[in-house]
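First comes the structure, then the notes that go with it.
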Amino acid sequence: MTLIAITCGIYASPYRFLDALSALYQCTVYEDPVLVKQTGQAHDLKTDLIFRSIQCRHIPFDNFTHDRKKCLAALKVQISQNILSGPCLFSGVLSHLIPASVSGIYRIVSATPMQVRRQRAMALDKLSSQAATNAIARSDHREKRFAAQLNLDSLWDPARHDMVLEWKKIDATAHDMTKEEVNQALEKIQSDIPGPTGNADKNMHAVDFNISSRVDAALAGLGHHMIIESDSGHVLVTLDRKVMNLARAQKEIMDLARAVPGVKSVKTKIGPNFYKGGIVRNLNLTAPFKRKT
């Protein structure tokens, strides 16, 4: 099963390359807006709320509703279901929600030139040059916050990708890569992506991602900071921040996770950040004690 993920920002998608890559590997293309729409329909969530969750924008009463956790968990479920349905080509930033345990994903980062992004914004959304620049800057800043939410230094780190799409040659009329450069990139990818070996292992990793995502969605309403892993259906939930009542929290987690289809067993443990206090006390012990008279 072929899995390819292209990291690119707003107005930065390499459309000509996407089309050629999709045709070559018979992949279904899932751009971020498509994933958001699918997730909203499947989980009865508003698309604006999902975008707010991705972009780390303010969500009213989120400390009580835990809507951000619910939206991100729902996105993971949708991505995992798409992976299980067949060869996938993801384009945008949401593929970074796929954990490293899902092996066999060929990751590409697109170094789309700013002038191409600006020209597309002006052509597609009728923006002025300055308005296009500002819109791109705002979007890029939100993507940095999304990376921080995933505990990543950057979504664009070449070390996290198998290939950098350079855009050395640009078709000024189409605001896209030239066909020649697309063909050169395809030749490199074909030499990099191995043949259809180890598909059983890849499928098992995808199934475990789907199970852990559905467990995450089932537990999101609790609001706890958790790391959820699945190994052949055996689920481990790590509580990584202190809770008021540990025994009660563990029971709630066990009860909800066991009810998720595909889960064979559930264990909980305490993470390294569980006992780190959230309150910093600065006590001045050198000041003399004065009795009130």
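Annotations for the structure displayed:
- Each Lys and Arg adds +1 at its Cβ and each Asp and Glu adds -1 at its Cβ; summed about the Cα centre, the chain shows a dipole of about 1800 debye.
- With all protein chains in place and a 1.4 Å probe, the accessible surface of region 11-125 carries 54 percent carbon and sulfur.
- Dipole of the chain [Lys/Arg +1, Asp/Glu -1 at C-beta], most positive-end residue of SER265, THR238, VAL215: THR238
- Charging the Cβ of each Asp and Glu at -1 and of each Lys and Arg at +1, and nothing else, the dipole of region 1-158 about its Cα centre rounds to 280 debye.
- Computed magnitude of the charge dipole of region 182-266 (debye, nearest 20; Cβ of K, R +1, Cβ of D, E -1): 380 debye
- Each residue of region 78-88 was assigned a 3J(HN,Hα) from its phi angle through the Karplus expression (A = 6.51, B = -1.76, C = 1.60, θ = phi - 60°), giving 5, 4, 5, 5, 5, 4, 5, 7, x, x, 10 Hz with x at Gly and Pro.
- DSSP bridge orientation in the chain - percent antiparallel, rounded to nearest 5: 25 percent
- Sorted from greatest to least, the principal axis extents spanned by the alpha carbons of region 37-195 come out as 52, 46, 29 Å.
- With the highest mean first, a sort of the peptides 79-89, 151-161 on other beta-carbon atoms found within 10 angstrom per residue produces 79-89, 151-161.
- Counting only alpha carbon atoms, the long axis of helix 15-25 and the longest principal axis of the chain meet at about 90°.
- Given (1) 6, 24, 31, 21, 11, 5, 2, 1, 0; (2) 5, 19, 24, 18, 11, 8, 6, 4, 2, 1, 1, 0, 0, 0; (3) 7, 28, 36, 22, 6, 2, 1, 0, the label whose value is P(r) over Cα pairs in 10 Å bins from 0, in percent derived from this model: (1)
- Pairs beyond 29 Å (Cα-Cα), from LYS69/LYS168; LYS37/LYS269; LYS126/LYS168; LYS144/LYS168; LYS76/LYS126; LYS46/LYS179: LYS69/LYS168; LYS37/LYS269; LYS76/LYS126; LYS46/LYS179
- Ligands, DNA and RNA excluded, the heavy atoms of VAL34 present near 70 Å² of accessible surface to a 1.4 Å solvent probe.
- Averaged over its residues, the chain has an accessible area of 56 Å² per residue, based on protein heavy atoms and a 1.4 Å probe.
- Computed over neighbours whose Cβ is under 15 Å from that of THR178, the net charge equals -3, Lys and Arg +1, Asp and Glu -1.
- P(r) of region 218-261 over all Cα-Cα pairs, binned every 10 Å from zero, in whole percent: 25, 62, 12, 0
- Region 205-247, accessible surface, carbon-and-sulfur percent (1.4 angstrom probe): 54 percent
- Both radii are taken from the alpha-carbon atoms of region 63-124; with Rh as the Kirkwood radius, Rg/Rh is 1.09.
- Dipole of the chain, positive direction: furthest Cα of ILE189, GLY104, GLY40, with charges on the beta-carbon: GLY40
- Environment charge of LYS46, counting only residues whose C-beta is closer than 10 Å and scoring Lys/Arg +1, Asp/Glu -1: -2
- Region 6-125 shape via C-alpha gyration tensor axes, a/c threshold 1.5: oblate
The values are calculated or read from the model by the stated rules, or taken from the named source; none is laboratory data. Every value quoted in this text rests on a predicted model; they were computed, and no experiment measured them. Reconstructed Cβ throughout: ideal geometry from the backbone, glycine too, with neighbour counts over all protein chains shown. Note: accessible area is taken over every heavy atom of the protein model, side chains too, but ligands, DNA and RNA are not part of it. Shrake-Rupley method; radii C 1.70, N 1.55, O 1.52, S 1.80 Å.
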